[in-house]
1. What's the extension gain from Arg396 to Asp569 if we count 0.36 nm per residue and subtract their Cα-Cα distance?
2. Could you please tell me the mean projected area of the C-alpha convex hull for segment 19-273, averaged over all directions and given in square nanometres to one decimal?
3. For segment 422-519, run through the GluC sites (Glu not before Pro) and keep only the ones in DSSP coil with at most 10 other Cβ atoms within 10 Å of their Cβ.
4. If you count, for each residue, the other Cβ atoms within 10 Å and average over each peptide, how do 132-142, 407-417 line up from highest to lowest?
5. Which whole-number value in Å³ per residue fits the convex hull of the alpha carbons of segment 290-368?
6. Treating the beta-carbon of each Lys and Arg as +1 and of each Asp and Glu as -1, no other charges, what is the dipole magnitude of the chain about its Cα centre, to the nearest 20 debye?
7. Please compute the Cα-Cα pair-distance distribution of the chain with 20 Å bins starting at 0, giving whole percents from short to long.
8. Note the full-extension length gain between Glu455 and Ala290 as 0.36 nm times their separation in residues minus their Cα-Cα distance, in nm to one decimal.
Amino acid sequence: MLEIGSPQLEQPRFLPMSRAELDALGWEELDVLLISGDAYVDHPAFGIVLLARLLIAHGFRTGLICQPRWQNPEDLLVMGRPRLFAGVGAGCVDSLVAHYTAFRKKRSHDAYTPGGRMGARPNRATIVYSNLVRRAFPHLPLVIGGIEASTRWITHYDFWQDSLRRPILFDAKADLLVFGMGERATLAIAQALLRGESLNGIAGTAWISRLEGERPIEIPESYQHLEPLVLPSHADFLKNCKVLLEATLALERHVHQGQSWAYEPVDSRCVVLGLPAAPLKTEEMDALYALPFTRLAHPVYQEDVPAREMLETSITSHRGCAGGCSFCSLAMHQGRSISSRSEASILREIVSLVRTHPKSRRQKGVAISDVGGPTANMWMAKCLKREKHPKALCLRTSCCYPTICPFFQSPQKEHVELLRNIARLPGVRKVRVASGVRADLALREPSALDAYIREFTGGQLKLAPEHSEASVLAAMRKPELAVFEEFLAHFQELSRRLRREQYIVPYLMSAFPGCRDIDMKRLSQWLVQRHWSPQQTQCFLPTPGTCATAMYYAGLNEKGEEIYVARSDAQRLRQHAILMQPERSEALAKGGSQIKHNRSVQGIGGRRHGN
């Protein structure tokens, strides 16, 4: 149980980032130092901030170093050596995704840096910061985590180098890797070090072990009765491109089932993947989000952090995604099980937000931009089979594909009532669901579907059909186009009856593994028939850890069948140009010109997609 009782330490208004702030709190030293590639915004969507406040709530004096210079370790020394451990995270977005587009062009804007400036974090920030920690604090326990680390826990494909890299623990030289959502693991690490206990075996962590024969030897006694998943060796990955796909699918099932551990041999050692941490329960989520976040950027910054403004009136109602789309890392990082906050917890946060928001009076109330998670209408969703039989094995890759599992229940009527109750709060002007809804789920609840369209669409409603062609949608693990078209027809008819000018904003993707030029032309024709000019588009970006990235590397679909893959920049540009500007596709591809309106940036806080 992730209990947060009476805190032994008073929560500071802002977490300390300097010696002066440490002294002002009366702390002689830190217990834990956390290092992040993002600027410090005191908001729960910033994972490292959430972990820091959780540690303080349990009596661990925790400080932050955000976006340190990486030429030398000087910036890490400002608060001295921490007593227990240092933790490193690249930030809310993979550092390479933050720096480069799907066409390997340098981005000009970083939403997680003051003023949106680029260059405040290094490429492969987890590895660079880890090496700085080793130089600054020799022999101090070092823990890595976050989206960048936990998608690179085994041998993985690096799109920017076009090659396989070994598990990140070996390059970062860290003692432990926290994979997935890190609250339970991070707290357990601090408590274990305080008691002088071994870190091996903490749920939700990975570590390096020596091999004896073909078995790892640094394995806790509690694991001895469990049969591990033995992954191919790093050498096997290098020999056969098919191995990455097979291992990714096996690990995907393994993490979802969550009943054993795994390991991958790397020469004379191996990386051991411990049991996954259990998803947080509702009361645990409530306690976590009740911590006193100011939702402000640290006053040391002279310019605002763009992500703060984007998240200013956004509320996280749940985490996890049951969709399991093949291109998305959320099902692995946040899990397919949904962890939801209670209605009371969400309402309390909004009351607090309205009370302190500077625009509350000037604009006759606050507009709540989003109440959601990866998909808004999965709040309080659950698996009835797992609820009755917690150890039952599930072999599905998705709760929603190829059809919605009969055991998966998403109470959308209750979600609509939550949104209505928020809208009734004093000081709330309107409520929207910017994180979007899943069409196939919404169609199962006609009354909820009508409410989303009638009451909570601010002129535009986001949906993610991704493509029009059946073979591409199957590779994505997305429902058939007919599902989206049924939703679209209902949306247009109800908007017509309401006499409102409302639009669907469809997310679309080009150059997905298995997608041919003819498929992109058919998608373009489908858009033309509906008089749509695509706005929310992205070219597939192969990021570590996803099934789609493994398909891209291997040139195979999940069944092991050969597929066409647009690999070169020219091929990828051509497909994206067909989608964006079909009449200029050939010219753009040949000239290598940058395509305007490319919006392949990962969603804020990881809410949209993992790539």
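1. 58.9 nm
2. 14.5
3. Qualifying residues, ordered by number: Glu501.
4. Descending mean neighbour count gives 407-417, 132-142.
5. 147
6. I would put it at about 1640 debye.
7. Computed distribution, short to long bins: 20, 56, 24, 1.
8. 56.6 nm
Laboratory data are not the source of any read-out in this text; all were calculated from the coordinates shown. The structure displayed is predicted, hence computed values, not measured ones. Note that we place each Cβ from the backbone using ideal geometry, even for glycine, and neighbour counts take in every protein chain shown.
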